[in-house]
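Coordinate-derived values only; no laboratory data. Bear in mind that the values here come from a model prediction, so they are computed numbers and not experimental data. Don't worry about glycine lacking a Cβ; one is built from the backbone with ideal geometry, like all the others, and counts go over all protein chains shown.
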Amino acid sequence: MMQMKEYKEVPQDVPHDDAVAVIRQPQPTITGNVANGESWMSIPVGMNNCPQGLEYLTALDQLLISQKLEKLELLTGFETKNRFKVKNSLGQNVYFAQEESDCCTRNCLGAARPFELKITDNFQNEVLHLNRPFRCDVLCCFPECMNAVEVSAPPGQVIGTVEQVCTFLKPKFNIKNSFGDIVLYIEGPVCPWKCCSDTNFKVLSVNNEQIGKISKQWSGLGRELFTDADYFSVTFPLNLDVRMKALVLAALFLIDVVYYEQ
């Protein structure tokens with residue numbers, strides 16, 4: 001059985017694979033700048049032992065994610081590449097995420113399709129890379145059929161994975177670090193498809209304490225019925241290790257494709 005590491009506070013300057021969950025660090029002030037007519041969050045400075053590009057997350061305890069409404073998909077019904085804006089609570093852009101996949105797999109395999117998700121900053125630097133392999137959704141309780149995503153920051157350096165757990169009631173996911181140890185859990189409601197209200201997935205420590213949540217926000221009847229362009233928010237402790245924050249963000253994208261891409 002896989003051994004779990006405790007959810008605990010660790011110094012900021014420890015090697016990154018030992019930074020399991022929560023870190024103490026100075027919190028920078030959120031400032032912004034304008035690029036291409038949009039307001040972008042300025043990158044915090046002075047953050048040690050932080051993957052390049054994840055410095056933004058050191059100053060944030062909430063992210064707002066909106067999926068771009070694709071006109072071609074709305075008019076024709078063909079599944080296009082998913083694109084997302086990731087913003088802070090002030091409405092400033094933090095990241096831009098875009099799916100990399102081919103037209104055939106998107107429209108033939110649907111939510112089971114394999115894809116890469118590239119997450120870039122204001123300077124078009126890729127700061128996070130998600131790899132989601134093909135998963136058969138028929139034999140859902142076989143390990144090789146469970147939904148999962150591998151997360152790298154920077155690209156090429158794996159910081160962890162998000163893996164679906166076989167359950168028959170509430171949806172569950174394990175968040176694992178680069179060693180394969182479970183560091184966080186995610187637990188959803190019995191019915192993830194609520195009408196006219198938000199749907200919340202709890203982010204839990206290994207001690208089963210809720211430390212945050214991922215919310216699928218109700219976006220209106222027309223948008224919900226005729227598109228798969230969704231709104232999400234995610235909250236986590238301000239002093240959570242940035243790698244754990246990145247993994248929770250990755251879990252949000254996996255939840256989206258598993259439950260809301262139909």
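Quick notes on this one:
- Subtracting the Cα-Cα distance of residue 85 and residue 52 from their residue separation scaled by 0.36 nm leaves 10.0 nm.
- R0 of 25 Å, Cβ-Cβ distance residue 178-residue 231: FRET efficiency to nearest 0.05: 0.25
- Label-point separation, residue 193 to residue 105 (7 Å along Cα→Cβ), nm: 2.5 nm
- Amide H to amide H distances under 5 Å link residue 82 with 99, where only residues 5 or more positions off or on other chains count and H is placed in the peptide plane.
- Put simply, the amide H of residue 211, placed in the peptide plane, has neighbours under 5 Å in 203, 204, 205, leaving out anything fewer than 5 places away on its chain.
- Region 178-211: chymotrypsin sites (Phe, Trp or Tyr not before Pro) in DSSP loop, at most 16 other beta carbons within 10 Å: 179, 193
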